[in-house]
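**Q** Here it is: the structure, laid out below.
The values are calculated or read from the model by the stated rules, or taken from the named source; none is laboratory data. Owing to the predicted nature of the structure, the values given are computational and were not obtained by experimental measurement. All Cβ positions, even for glycine, are placed from backbone atoms using ideal geometry, and neighbour counts span all protein chains on display. Just the protein is used for accessible areas: all its heavy atoms, side chains included, with ligands, DNA and RNA removed. Shrake-Rupley method; radii C 1.70, N 1.55, O 1.52, S 1.80 Å.
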Amino acid sequence: MSGGPRTLLVWCPDWPVVAAEIVEGVSAEGPVVVLRGNRVVACSEAARREGVRRGLRRREVQGRCPQVVVVEHDAGRDARAFEAVVGAVEEVAVGVEVVRPGACALAARGPSRYFGGEERAAERIVEQVAQACAVESQVGIADGVFAAGLAARDGRIVPAGGSREFLAGVTVEALERPELADLLRRLGVTTLGDFAALPASDVLTRFGFDGALAHRLAAGLDHRPLAVRKPPPDLDVSDTYDEPLERVDVAAFAGRVLAERLHERLAAYGMACTRLGIEAVTADGQELHRVWRHDGLLTAAAIAERVRWQLDGWLTGARRGAPARPTAGLVRLRLVPDGVLVHLGLQPGLWGDTGAERERAHRALSRVQGLLGPESVLTAVRGGGRSADDQVRLVPWGDEREPARPAAPPKPVVPGDEPVVVALEEATKDAERERGKPAEQGKLPPWPGRLPAPSPALVLPQPAPAVVLDEAGTPVGVSARLELSGAPAVLVIGEEAEAITGWAGPWPVDERWWAPGEGRRRARFQVAVAGGQAFLLSLASGHWAVEAIYD
């Protein structure tokens, strides 16, 4: 009875110790133990010669070998270090499944047919791991992963159909289920052959589902097939040129050839990309890199167009004295697809092709970025904040338009009511309702202390100094209890003074008081003047300033 397809398993002895040597520089030539829960899970060959074994406690280990080096177990360290071994195996064989850090398996049929037999395939893989990673490994081949794992410990190749006979003489401890193994020994079942001879229904009734799985393993039957790891496809395309590319037309032609190759490679895997990395190397070793983004999927023409724009920007920028110009002609080009996804096509608009004007604008702005850099074209993204200058962030054209601080939109003002007074009352009620209350699913709470709607139309880069006077001509101030020294009556900006016809506030702000040098405390007001304009004012340390202007 066959236990499954022929499986080749690569096993690296004492892998936790080897991983500690690779990552942390611990010498595996001396006595080394890896502890988990104060017990040994792995030890070096030198430690075994001193009598150290798995399962011993730290104190007993140090008693047997005082000079032992103790390393704490780290599953992440083992997995990271083993990735290089898996990559080395994948260079000579495909379809690798990582069983655990230190062991990986694959179907033996492909490598054995390619290398001319199972023994030659095993030798080639062991040699590849040794050359690529300087790691010792052993290979076992049998019917099924479990039998192949035990065979790898002896470097054996079990004949086809002979896995059950091979397992029959192995002790029950090989199942790596200590409680089950102890119970089986007390029942007189000491080998896997004895365990496999028991009726499957009785094993399920007595030992449960996990015992039934162990029973299948003892009989040479795996409970699941190999779940192979498919290596990611290599989608990058590159080319090297004997004659440096110094003219834009010559470089653009070379870039178009690469763009077509990239598109064909993506199409072969049924993929498309939304971001494109363009890399170039000059004749004297300077490296250039730029990433292009696109709202939709990049076609072959779109890829070639962006490559041409970028090369034009690099090469013509050199003649114009741009700061990031290349120092010599280009000798290597490389296109790296990013944001790769399955190509399902773009959904057209309801009335036909969609976004033609938007696409033309996108292409024009993208070309400007290619010539002048990504920071040359910026768009505004609105997010959360308490002040007008905090709520808008400028991002390069084509980047993700995600707000840095999300927030719910401000509540609109009811028509017919006094705007500033109603907005102040509504914002206060919102803050009181939301304070200490979790946000509903799919909704964001408003920012406490935020400015009410409407938002100002113009936010000044630098606040303009101002003075606010009461009816007696005395400067207006605010106490610690947010009480005004007088009603605002006149606003003075520069040499111009206008009568205040309406005002609302204050909205106090006390931000980042815990960070020395970053704290900001001020009171904000909305005022309307006789000339019809409205301003957002702030009072900080006794000084008034105009922060923004309303329509």
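**Q** Simple spin-label model, 7 Å along Cα-to-Cβ: Glu496 to Val92 in nm?
**A** 8.3 nm
**Q** Tell me the chymotrypsin sites (Phe, Trp or Tyr not before Pro) within the stretch 460-538 that lie in a loop according to DSSP and have at most 11 other beta-carbon atoms within 10 Å.
**A** Qualifying residues, ordered by number: Trp513, Trp514.
**Q** Give me, ordered by chain and number, the residues 5 or more places off Gly477 or on other chains with an amide H under 5 Å from its own placed amide H.
**A** Ser485, Gly486
**Q** Can you work out the Karplus-derived ³J(HN,Hα) for every residue in the stretch 274-289? Use 6.51 cos²θ - 1.76 cosθ + 1.60 with θ = phi - 60°, whole Hz, and x for glycine or proline.
**A** Working through the residues one at a time gives 10, 9, 10, x, 10, 10, 9, 10, 8, 5, 9, x, 6, 10, 10, 8 Hz.
**Q** Out of the stretch 74-121, which GluC sites (Glu not before Pro) are coil in DSSP terms and have no more than 16 other C-beta atoms within 10 Å?
**A** Answer in residue order: Glu91.
**Q** Going by amide H atoms built from the backbone, whose H comes under 5 Å of the H on Ala453, apart from near neighbours?
**A** Here Lys411 satisfy the definition.
**Q** Determine ³J(HN,Hα), in whole Hz, for all residues of the stretch 39-46 in sequence, where each value follows from phi through the Karplus function 6.51 cos²θ - 1.76 cosθ + 1.60 and θ = phi - 60°; x replaces Gly and Pro.
**A** 10, 6, 10, 7, 8, 7, 5, 5
**Q** Another question, then. Find how much the distance from Ser455 to Glu173 grows on full extension, using 0.36 nm per residue of separation minus their present alpha carbon separation; answer in nm with one decimal.
**A** Here the answer is 94.3 nm.
**Q** If Tyr114, Tyr241 are ordered by their accessible area, calculated over protein heavy atoms with a 1.4 Å probe, which sequence runs from highest to lowest?
**A** Tyr114, Tyr241
**Q** Kindly rank 33-43, 72-82 from highest to lowest mean number of other beta carbons found within 10 Å of each residue.
**A** So the peptides 33-43, 72-82, ranked by packing, come out 33-43, 72-82.
**Q** So how much accessible area does Trp292 have, in Å² to the nearest 10, using a 1.4 Å probe?
**A** Rounded to the nearest 10, that gives 10 Å².
**Q** Right, something else. Need one number: nm distance between label points at Glu127 and Asp234, each 7 Å from Cα along Cα→Cβ, rounded to one decimal.
**A** With each label placed 7 Å out from Cα toward Cβ, I get 2.1 nm.
**Q** Given R₀ = 25 Å, what would the calculated FRET efficiency be for Ala79 paired with Arg57, taking r from the Cβ atoms and rounding to 0.05?
**A** Between Ala79 and Arg57 the formula returns 0.45.
**Q** Let's test the formula: R0 of 25 Å, r as the Cβ-Cβ distance of Leu378 and Val291. What FRET efficiency results, to the nearest 0.05?
**A** 0.95
**Q** Heavy atoms of the protein only, probe of 1.4 Å, neighbouring chains included. What is the accessible area of Phe253 in Å², nearest 10?
**A** Estimated to the nearest 10 Å², Phe253 gives 140 Å².
**Q** Further question on the same structure: Summarise the accessible area of the stretch 121-165 (1.4 Å probe, protein heavy atoms) by the percent that is carbon and sulfur.
**A** 47 percent
**Q** Using 0.36 nm per residue of separation minus the Cα-Cα distance, give me the extension gain between Leu482 and Gln67 in nm, one decimal.
**A** Result for the pair: 142.3 nm of gain on full extension.
**Q** Could you order His289, His263, His543 so the one with the most accessible surface comes first? Probe is 1.4 Å. Show your work: numbers first, answer last.
**A** On the way: His289 105, His263 65, His543 130 Å².
Descending accessible area places them as His543, His289, His263.
**Q** Choose one of Trp513, Pro463, Val476: the residue whose Cα lies farthest towards the positive end of the charge dipole of the stretch 440-551 (beta-carbon charges +1 Lys, Arg; -1 Asp, Glu; about the Cα centre).
**A** Trp513
**Q** Now for a separate question. Val69's amide H: which non-local residues (gap 5+, or another chain) put their own amide H closer than 5 Å, with H modeled 1.01 Å from N in plane and none for Pro or chain starts?
**A** Val32, Val33
**Q** Sticking with this one: Simple spin-label model, 7 Å along Cα-to-Cβ: Thr205 to Ala364 in nm?
**A** Computed distance between label sites Thr205 and Ala364 equals 8.3 nm.
**Q** Residue by residue through the stretch 173-179, what is 3J(HN,Hα) from phi via Karplus (6.51 cos²θ - 1.76 cosθ + 1.60, θ = phi - 60°)? Round to whole Hz and write x for glycine and proline.
**A** My calculation for the stretch 173-179 gives 5, 5, 6, 6, 10, x, 5 Hz in order.
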